[in-house]
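Here the structure is laid out as structure tokens; the discussion comes afterwards.
Values quoted throughout were computed directly from the atomic coordinates according to the rules given, and no laboratory measurement underlies them. The structure displayed is predicted, hence computed values, not measured ones. Neighbour counts are summed over all protein chains in view; Cβ atoms, including those assigned to glycine, are modelled from backbone coordinates with ideal geometry.
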Amino acid sequence: MEELISVQNVSFRYQEEHPYVLKDVGLSVQKGEWLAIVGHNGSGKSTLARLLNGLLLPEKGDVLVEGFNSRDEESIWEIRRRVGIVFQNPDNQFVGTSVQDDVAFGLENSGMPREKMLKRIAESVKKVRMEDFLDQEPHRLSGGQKQRVAIAGIIALRPSIVILDEATSMLDPAGRKEVLQTMRELKEEEGMTVISITHDLEEAARADRMIVMNAGEVIDEGVPVDVFEKGDMLEKIGLDLPFPLQVQRALREKGYDFSKLTLSQEELVNELWTLQSKS
Amino acid sequence: MDITVKELEHSYNRGTPFERNALKNINLSIPSGTFQTIIGHTGSGKSTLIQHLNGLLKPSAGSIQIGDFLIRAGEKEKRLKALRKHVGIVFQYPEHQLFEETIEKDIIFGPLNFGVPLEEAKQRAAKLIHQVGLDESYLERSPFDLSGGQMRRVAIAGVLAMKPSILILDEPTAGLDPRGRREIMGLFYRLHQEEGLTTILVTHSMEDAAHYSDNIVIMEKGGIALQGNAEHIFADSDALKALSLDVPETVQFIHRLEERFDRKLPHSVFSLDAAVDAALTILQKEEKS
């Protein structure tokens with residue numbers, strides 16, 4: 001596996017004399033994975049996202065993106081080109097007056113020739129299935145559609161990593177599904193690396209790997225099923241467990257022994273079937 | 001105060017080419033003390049409907065009776081300010097509306113505006129800051145130094161400070177983490193019971209709808225598509241699917257169990273405990289046989 005991002009012993013605070021928001025954080029992001037970063041409000045997740053693309057710089061430690069160190073002034077643009085962020089509020093990141101203009105914004109800034117730019121816009125907008133909306137104004141779009149346009153604007157710049165910073169938390173269930181589905185397609189079809197900062201644990205359960213943050217520290221890391229196995233720890237820091245897991249934990253307390261924990265209802269019902277046929 | 005909505009219609013941009021019918025023939029009765037939930041997709045008319053309940057929007061046709069206040073199309077209800085004292089609305093992301101220097105000033109702004117004496121308003125603030133889960137040391141602080149979740153609590157205290165008898169909540173937990181969501185919903189439910197409030201909750205969460213509501217309304221394209229208690233609404237998952245809405249996870253689980261084990265189970269299962277009990281019934285019955 002190829003390492004795209006390496007975060008080494010990073011500490012960060014917004015002002016001197018204020019408490020550290022991140023404390024000695026270390027992590028690595030592999031090419032092509034879907035990494036979920038979970039933690040409650042104020043655990044330092046969003047600060048971490050901003051360090052990963054050089055919007056913020058570490059006070060201690062280093063952030064390396066494909067070998068570029070964010071401390072190095074000449075690297076910063078290399079990093080920002082490689083790491084795109086979709087933020088929480090769909091209304092705060094729409095800069096164009098139409099879908100087309102909005103997607104063009106980043107490309108214009110990179111000084112791309114017009115012909116090439118138009119081609120890139122068409123490609124990117126198609127990938128997020130917004131090609132029928134090219135001339136639409138932002139206020140005619142739903143939250144989910146706006147977030148997909150934000151994703152198009154980012155992938156037009158051909159980044160290697162897209163960070164979703166609670167990008168679905170202001171959307172309704174339909175909008176949330178739409179955006180996650182779009183990102184999953186980009187991951188499968190284009191090999192995009194995705195870092196999803198979220199407190200939707202159902203979503204985290206579908207990630208390849210997850211990281212749990214609390215009070216500025218990484219307190220756990222692993223494949224979701226292993227992390228969820230430590231349910232008490234997650235509950236203690238204010239996160240919920242996916243419903244199938246809650247049912248299994250309650251049944252365990254009543255003396256039923258599951259061979260393995262499951263994160264989907266379908267698997268849970270299968271496990272119950274196995275249990276019942278054993279007895 | 002009982003709320004009765006009769007044949008309510010609302011169109012935006014009336015008389016222009018952009019006219020759009022946002023509400024059509026809404027009939028709804030909310031007896032005093034009810035926990036009423038409104039569900040629907042973005043654009044289904046939920047927000048338009050609740051803005052009629054304190055006179056922020058006027059009906060294009062039909063009427064809204066709230067206690068002895070009557071809002072009718074084409075007529076002016078002269079006592080809107082008095083009505084608004086009774087109907088508190090917690091809008092989406094209410095923390096965006098904080099503006100005062102200190103938290104106390106923000107909380108007492110509404111009551112002072114409605115003529116409550118300063119001392120009494122301050123007493124309310126001191127009591128409310130505890131109720132929303134913060135302590136009195138916060139009162140002198142700036143609301144803008146707080147975390148998003150804390151700011152929301154302060155904004156909610158500001159609405160409660162007006163002692164509304166009807167409390168309208170427009171997606172009050174959007175963007176909060178799971179613990180924050182539980183705490184805020186717990187707070188509203190406690191207030192609903194202790195103060196005998198009429199609570200109207202707009203939400204996308206089927207779990208919250210199932211858990212708290214006396215009555216649920218499902219809106220679609222400006223009209224009411226389904227109406228009833230949780231048991232009734234979630235009994236027909238096909239009708240919900242047709243509206244692209246889900247049933248609560250607990251109900252999904254029951255359906256899966258029924259299908260796999262070819263058994264009939266009670267459908268009004270809206271809590272984890274009830275879902276676990278259903279699983280136990282299956283495991284235990286099968287053991288005995």
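Here's how it looks for A:Asn214: its modeled amide H is under 5 Å from those of A:Ile219, which are all 5 or more places away or on a different chain. For B:Leu70, no residue whose modelled amide H falls within less than 5 Å of its own remains once neighbours fewer than 5 places apart on the same chain are excluded.
Taking amide H atoms as placed 1.01 Å from N in the peptide plane, the amide H of A:Ile85 lies under 5 Å from those of A:Ile163, each 5 or more residues away in sequence or on another chain.
Only bridges with both residues in the protein assembly as shown count here: give the DSSP antiparallel percent, nearest 5.
That works out to approximately 50 percent antiparallel.
Averaging Cα coordinates gives a centre for the stretch A:240-261 and one for the stretch A:35-81; these two points are 37 Å apart. A cut-off under 10 angstrom between Cβ atoms defines the neighbours of B:Pro31, and their net charge, with Lys, Arg +1 and Asp, Glu -1, is -2. For the pair the stretch A:82-117 and the stretch A:14-34, the centres of their Cα atoms are 27 angstrom apart. Of the listed pairs A:Lys146/A:Lys187; B:Lys78/B:Lys122; B:Lys122/B:Lys163; A:Lys45/A:Lys177, which have alpha-carbon separations greater than 18 Å here? Those over the limit are A:Lys146/A:Lys187; B:Lys78/B:Lys122; A:Lys45/A:Lys177.
When you restrict to C-alpha pairs under 8 Å that are six or more residues apart and normalise by the size of the stretch B:248-289, the relative contact order lands at 40 percent.
What the phi angles of the stretch B:20-30 give under the Karplus curve with 6.51, -1.76 and 1.60, with θ = phi - 60°, is a coupling list of 9, 7, 8, 9, 10, 6, 8, 10, 7, 10, 10 Hz, glycine and proline written as x. Karplus-based coupling profile of the stretch B:137-148, in residue order and whole Hz: 4, 6, 4, 8, 7, 7, x, 7, 8, 8, 6, x, with θ = phi - 60° in 6.51 cos²θ - 1.76 cosθ + 1.60 and x standing for Gly or Pro.
Whole-Hz Karplus values for the stretch B:62-79 come out as x, 8, 10, 10, 10, x, 9, 8, 10, 10, 10, 4, x, 10, 9, 8, 6, 9 Hz, taken residue by residue from phi with 6.51 cos²θ - 1.76 cosθ + 1.60 and θ = phi - 60°; glycine and proline positions read x.
Among bridges DSSP assigns within the stretch B:3-247, what percent are antiparallel (round to 5)? Here the antiparallel bridges make up roughly 55 percent for the stretch B:3-247. Rounded, prolate or oblate: pick one for the stretch B:248-289, where a ≥ b ≥ c are the square roots of the eigenvalues of its C-alpha gyration tensor, a/c under 1.5 means rounded, and failing that, prolate if a/b is larger than b/c, else oblate. The shape class here is oblate.
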